[in-house]
Amino acid sequence: MISFVQVLDFAGTFAFATSGIRLASAKRFDWFGAYVVGFATAIGGGTLRDILLGVTPAWMQSPVYLICTALALFWVIAFGKYVITMNNTIFFFDSVGLSLFTVVGVSHSLAQGFPFWVAIIMGSITGAAGGVIRDVFINEIPLIFRKEIYAMACVVGGLLYWLLALLGMNDLTCQIAAGFAVFITRILAVRYNICLPILKGEDYYKKKG
């Protein structure tokens, strides 16, 4: 019997793999290179999370992650005319993957018996780390180091999960609400150009002086 968290995990794998492959296509990677980027994007955050939690990474226990990435590659190849020419596809699939993987990270951490503050951090790592690896592979500055709200969206989702759990909500409700919170936070932040304050550097203080 496949659990709801596993469904989210598989869906997130497909979404993140698609975002990685889509960006690789923009850099004119070959099929194998695009697959590697997609796979690293899909399993990067979960691998780091599992290592920190002291468990075997999920992709080493089941070939489904390899298969999901292959399906994402074939999907981009088959429908490349639509996927690649749509400017918002990267943003959409990245946002979906971010929200789904955040929920998966929080749920896995709680299932391992860790406290909520650890679960929120692990959810953020699961959601954001894959995107960091993807951006490094394609030689871009990772999104979490730019002004855009990215990892903070994961924190928002994790905190909502925790608050709903404190109110006695069941796991499914917490998971769905947290996933939507991450997705909506990311969408609204980009739509209305909401960002965190930039840390002032040396040039700023020289000008002030």
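Could you tell me whether any residue of region 80-90 is touching a residue at least 24 places away in the same chain (Cβ under 8 Å), part of a helix (DSSP H, G or I) and buried (at least 24 other Cβ atoms within 10 Å of the Cβ)? Full working, then the answer.
Taking region 80-90 as the starting set, the residues that turn out to be touching a residue at least 24 places away in the same chain (Cβ under 8 Å) are 80, 83-84, 89-90.
Remaining after also requiring part of a helix (DSSP H, G or I): 80, 83, 89-90.
Then drop every residue that is not buried (at least 24 other Cβ atoms within 10 Å of the Cβ), which leaves none.
Looking for residues that are touching a residue at least 24 places away in the same chain (Cβ under 8 Å), part of a helix (DSSP H, G or I) and buried (at least 24 other Cβ atoms within 10 Å of the Cβ), one finds none in region 80-90, hence no.
Number of residues in region 41-79 that are closer than 22 Å to PHE114 by Cβ, surrounded by fewer than 19 Cβ atoms within 10 Å (Cβ to Cβ), among the hydrophobic types (A, V, I, L, M, F, W, C) and without any contact (Cβ under 8 Å) to a residue 24 or more places away in the chain equals 2. Selection of region 157-209 for residues being of a type in the set (Gly, Ala, Ser) and surrounded by 15 or more Cβ atoms within 10 Å (Cβ to Cβ) yields GLY157, GLY158, ALA165, ALA177, ALA178, GLY179, ALA181, ALA189. Note on region 155-184: among residues that are over 16 Å from GLY105 (Cβ atoms), without any contact (Cβ under 8 Å) to a residue 40 or more places away in the chain and assigned to a helix (DSSP H, G or I), the one that is nearest to the chain's Cα centre (by Cα) is ILE184. For region 94-107, the count of residues that are more than 23 Å from LEU23 (Cβ to Cβ), part of a helix (DSSP H, G or I) and not aliphatic (A, V, I, L, M) is at least one. In the set (1) at pLDDT 95 or above; (2) more than 20 Å from ALA11 (Cβ to Cβ); (3) of a type outside the set (Gly, Ala, Ser); (4) assigned to a helix (DSSP H, G or I), PHE29 fails one condition alone, (4).
If you take the residues in region 112-130 that are touching a residue at least 60 places away in the same chain (Cβ under 8 Å) and hydrophobic (A, V, I, L, M, F, W, C), which one is farthest from LEU163 (Cα to Cα)?
In the first step, residues of region 112-130 are kept if they are touching a residue at least 60 places away in the same chain (Cβ under 8 Å); the result is 114, 122, 125-130.
Among the residues that remain, those that are also hydrophobic (A, V, I, L, M, F, W, C) are: 114, 122, 125, 128-129.
Values: PHE114: 16, MET122: 17, ILE125: 20, ALA128: 22, ALA129: 24 Å.
Only one residue tops the list, namely ALA129.
In this structure, THR102 does not satisfy being of a type in the set (Val, Ile, Thr), under 17 Å from the mean Cα position of the chain (by Cα) and under 16 Å from ARG134 (Cα atoms).
Considering region 94-118, the residues that are buried (at least 24 other Cβ atoms within 10 Å of the Cβ) and hydrophobic (A, V, I, L, M, F, W, C) include one that is nearest to ILE144 (Cα to Cα), namely LEU98. Scanning region 1-28 for residues that are free of Cβ contacts under 8 Å to residues at least 12 places away in the same chain, at negative phi and not aliphatic (A, V, I, L, M) turns up SER3, GLN6.
Restricting to region 185-209, count the residues that are of a type outside the set (Val, Ile, Thr), part of a helix (DSSP H, G or I) and closer than 19 Å to SER99 by Cβ.
Residues of region 185-209 of a type outside the set (Val, Ile, Thr): 186, 188-189, 191-193, 195-197, 199-209.
Filter once more, so that each one left must be part of a helix (DSSP H, G or I): 186, 188-189, 191, 202-208.
Narrowing further to those that are closer than 19 Å to SER99 by Cβ: 186, 188-189, 191.
Here the count works out to 4.
Determine if region 104-123 includes at least one residue that is under 19 Å from ALA34 (Cβ atoms) and modelled with pLDDT of 90 or more. So far as region 104-123 goes, no, none of its residues is under 19 Å from ALA34 (Cβ atoms) and modelled with pLDDT of 90 or more. A single member of ILE90, ILE67 is out of contact with any strand residue (DSSP E or B) (no Cβ under 9 Å at 6 or more places or on another chain) and over 27 Å from LEU160 (Cβ atoms), and it is ILE67.
The values are calculated or read from the model by the stated rules, or taken from the named source; none is laboratory data. Everything numeric here is computed off the predicted structure, so don't read it as measured data. A quick note on method: Cβ atoms are made from the backbone with ideal geometry, for glycine too, and the neighbour counts reach across all protein chains shown.
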